[in-house]
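Dumping the structure here so I can ask a few things about it.
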Amino acid sequence: MDSYKLFSPSSSAPSLSAFLSPRPNTLRHLPSLPCKRSFVSASLLHSQQPQKPPPLPPAVEAFWEWLRREGVVSLKTPAKPAVVPEGLGLVAQRDIARNEVVLEVPKKLWINPEAVAGSEIGKVCGGLKPWVSVALFLIREKLRDDSPWRVYLDVLPESTDSTVFWSEEELAELKGSQLLSTTLGVKEYVGSEFQKLEQEIILPNRQLFPSRITLDDFLWAFGILRSRAFSRLRGQNLVLIPLADLINHSPSIITEDYAYEIKGAGLFSRELLFSLRSPVSVKAGEQVLIQYDLNKSNAELALDYGFIESNSERNSYTLTLQISELDQFFGDKLDIAESNGLGETASFDIVSGQPLPPTMLPYLRLVALGGTDAFLLESLFRNTIWGHLQLPVSRANEELICHVIRDACRSALSGYHTTVEEDEKLAEKGDLARRLEIAVGVRAGEKKVLQQIDNAFKDREMELDELEYYQERRLRDLGLVGEQGDIIFWEK
């Protein structure tokens with residue numbers, strides 16, 4: 001995993017480390033995969049005039065017939081699968097009102113850890129991570145000709161445009177980007193999980209897994225869950241919902257509220273239903289769409305679903321800072337950081353066009369604190385130091401953090417093989433291959449945010465002589481500084 005680490009030039013000065021690394025949330029939460037809200041992969045959406053959809057593939061017709069037999073759909077169902085620019089989607093069969101229920105799927109058709117536990121492989125999956133057990137279940141059912149889930153599995157894609165499915169040549173277009181590091185880290189993680197699964201479950205239970213299961217199979221299942229599984233539901237943190245997972249994304253929908261829920265089937269029924277609503281009104285013949293996640297960056301959208309948005313606020317870069325263990329004040333600084341909800345390392349997402357995260361500068365000043373400023377680390381200031389760190393401590397401290405961050409930005413920018421201007425020219429030409437379009441968009445977005453960070457600290461460097469530091473503030477509070485900022489002396 002690539003990172004950039006810089007130390008202060010003088011060994012006598014406090015050390016300050018800056019890592020420009022992959023988005024921490026992406027890798028940190030992989031073991032609890034359901035925390036990533038996921039749906040079907042979709043490309044950049046734009047307004048489309050309703051038109052007669054192409055004929056459905058036989059597999060989709062069979063899927064719809066299966067749903068009809070199971071009592072999930074009927075002629076009155078407001079939306080139906082259709083071939084759309086993204087692949088498959090849900091198209092309104094009539095006008096649909098805002099917040100109207102589009103479809104309801106009973107629990108018997110959900111694929112989740114509970115379904116795995118009740119299957120033939122349930123006894124050997126008890127100790128697995130929930131997503132790993134569901135992934136293994138999907139693969140096994142896909143390899144079975146007589147699987148009861150056959151018609152659903154036949155409409156699932158063999159891959160998406162998620163970066164986990166990109167070739168080496170395609171990934172090379174992401175050189176220097178955090179998305180590349182994250183993607184490689186994800187694939188390494190999936191590979192290690194597969195090795196454990198193969199050794200502990202698959203090989204010792206060959207009678208349950210007669211067909212050979214490969215890493216490619218496991219990566220496919222991971223991609224399916226990453227892009228289609230619903231989460232953050234009542235009692236359900238990882239669940240595939242056939243039919244509902246055909247819903248595509250629209251950047252123009254700016255609310256995630258009320259799109260779906262789990263509810264009871266009726267007053268006297270214990271059956272649970274997954275209910276999907278349309279967050280906006282939809283005309284007959286138009287796609288029913290939802291907002292996947294307002295908080296995901298373009299890099300996360302590319303990793304999870306295989307698309308990006310043109311919205312610049314989806315561009316972000318993660319700056320990870322660290323208190324060096326070699327710092328003579330490591331223990332004091334760590335205690336202060338932990339007392340304020342941070343730690344030995346702290347990651348900050350800088351978003352295009354947005355100010356720096358509010359805790360970033362205080363943490364930076366803490367990490368850089370040393371020399372004549374180290375008195376602030378004494379126990380006397382323990383309850384007030386975080387307040388002092390909200391404002392510049394000293395010129396030396398403020399100058400150090402500016403130099404380190406700017407050096408880190410320049411180092412990160414040098415790792416890309418194109419400039420922002422070159423990326424913009426490529427994008428303007430158009431007709432790019434889908435994955436190249438994603439690569440160009442993500443890397444250009446990252447570089448613009450890096451330039452934004454660099455410019456912010458460049459401006460701060462130019463203001464160093466004008467800033468008020470701790471000692472001046474202290475003297476002013478004691479009434480020892482005049483109106484013009486001059487120190488007041490009293491004659492004997």
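The values are calculated or read from the model by the stated rules, or taken from the named source; none is laboratory data. Fair warning: this is a prediction, and the values are worked out from it, not measured in the lab. Note: ideal-geometry Cβ built from the backbone for every residue, glycine included; neighbour counts use all protein chains shown. Just so you know, the surface numbers come from the protein's heavy atoms only, side chains and all, with ligands and any DNA or RNA stripped out. Shrake-Rupley method; radii C 1.70, N 1.55, O 1.52, S 1.80 Å.
Taking the mean number of other Cβ atoms within 10 Å as a proxy for protection, how do you rank 132-142, 351-361 from highest to lowest? Please report the intermediate quantities before stating the final value.
Values: 132-142: 23.5, 351-361: 14.8.
Packing order, densest peptide first, comes out as 132-142, 351-361.
How large is the convex hull of the C-alpha atoms of the range 337-449 per residue, in Å³?
Working: hull volume 14.4 nm³, N = 113.
Value for the range 337-449: 128 Å³ per residue.
I'd like to check one number: the per residue accessible area of the range 358-441, probe 1.4 Å, reported in Å² as a whole number. Don't skip to the answer; put the middle values down first.
Numbers: 3860 Å² over 84 residues.
So the range 358-441 comes to 46 Å² accessible per residue, rounded to a whole number.
Just to verify a number: FRET efficiency for Leu478 and Arg410, C-beta to C-beta distance, R0 = 51 Å, to 0.05?
0.80
Now for a different question. Distance from a point 7 Å along Cα→Cβ of Arg69 to each backbone N in the range 124-163: keep the residues under 17 Å and list them by number.
145-155
Taking a probe of 1.4 Å, how large is the accessible area per residue of the range 113-258, in Å²? Working shown, then result.
Details: 6370 Å² over 146 residues.
Accessible area per residue: 44 Å².
Where does the range 132-257 land on Rg(C-alpha)/(2.2 N^0.38 Å)?
Working: Rg = 16.4 Å, N = 126, 2.2 N^0.38 = 13.8 Å.
Here the Cα radius of gyration is 1.19 times the empirical estimate.
Taking all pairs of different Cα atoms in the range 185-336, averaging 1/r and flipping that mean, what Kirkwood radius in angstroms comes out? Before the final figure, lay out the partial values.
Details: mean 1/r = 0.0505 Å⁻¹.
Mean inverse Cα-Cα distance, inverted, gives 19.8 Å.
What full-extension length gain, to one decimal in nm, is calculated for Arg434 and Ser379 as 0.36 nm per residue of separation minus the Cα-Cα distance?
Numbers: separation 55, 0.36 × 55 = 19.80 nm, distance 5.71 nm.
Residue separation times 0.36 nm, minus the Cα-Cα distance, leaves 14.1 nm.
Quick one: pull the percent of accessible area on the range 94-161 belonging to carbon and sulfur, 1.4 Å probe, ligands and nucleic acids left out. It would help to have the intermediate numbers written out before the result.
On the way: 1500 of 3020 Å².
Summing carbon and sulfur atoms, their accessible area is 50 percent of the total for the range 94-161.
Assuming R0 = 30 Å, what is the FRET efficiency of Glu338 and Gln471, from their Cβ-Cβ distance, to the nearest 0.05? The partial results should precede the final answer.
Numbers: r = 27 Å, r/R0 = 0.91.
That gives a FRET efficiency of 0.65.
List the residues, sorted by chain then number, that are 5 or more residues from Asn248 or on another chain and whose placed amide H is less than 5 Å from its amide H.
Excluding prolines and chain starts, which carry no amide H, the hits are Leu90, Ile290.
Could you tell me the calculated FRET efficiency between Lys175 and Glu424, based on Cβ-Cβ distance and R0 = 30 angstrom, to the nearest 0.05? All intermediate terms of the calculation are to be shown ahead of the outcome.
Working: r = 18 Å, r/R0 = 0.59.
Efficiency, rounded to the nearest 0.05: 0.95.
Does anything in the range 354-370 have its amide N under 13 Å from the 7 Å Cα→Cβ label point of Phe330, and if so which residues?
Output list for this probe position: empty.
Quick one: length gained pulling Glu120 to Leu215 fully straight, 0.36 nm per residue minus the C-alpha distance?
Numbers: separation 95, 0.36 × 95 = 34.20 nm, distance 2.18 nm.
Contour length minus the Cα-Cα distance gives 32.0 nm.
In addition: Just the ratio, please: alpha-carbon radius of gyration of the range 400-468 over 2.2 N^0.38 Å, N its number of residues.
Numbers: Rg = 15.5 Å, N = 69, 2.2 N^0.38 = 11.0 Å.
Relative to the rule-of-thumb radius for its length, the range 400-468 sits at 1.41.
Further question on the same structure: Show me, for the range 397-403, the HN-Hα J-couplings you get by feeding each phi into the Karplus relation (A = 6.51, B = -1.76, C = 1.60, θ = phi - 60°), rounded to Hz, glycine and proline as x.
Along the range 397-403, the couplings run 5, 5, 5, 4, 5, 5, 5 Hz.
Computed on alpha carbon atoms, what radius of gyration and Dmax characterise the range 150-212, expressed in Å?
15.8, 45
Using per-residue counts of other Cβ atoms within 10 Å, averaged over each peptide, order 190-201, 274-285, 378-389 from highest down. Mind showing how you got there, number by number?
Numbers: 190-201: 15.8, 274-285: 18.5, 378-389: 13.8.
Those peptides, ordered most packed to least, come out 274-285, 190-201, 378-389.
Measure out, as a whole number of angstrom, how far apart the alpha-carbon centroids of the range 378-398 and the range 426-459 sit.
So the two Cα centres are separated by 36 Å.
Same structure, new question: What residues have an amide H closer than 5 Å to that of Asn315, excluding those fewer than 5 places away on the same chain, when H is modeled at 1.01 Å from N in the peptide plane?
Amide H neighbours of Asn315: Asn298, Ser352.
Could you tell me what percent of the accessible area of the range 174-303 is made up of carbon and sulfur, with a 1.4 Å probe and every protein chain present? Mind dumping the intermediate values first?
Numbers: 2750 of 5460 Å².
Carbon-and-sulfur percentage of accessible area, whole number: 50.
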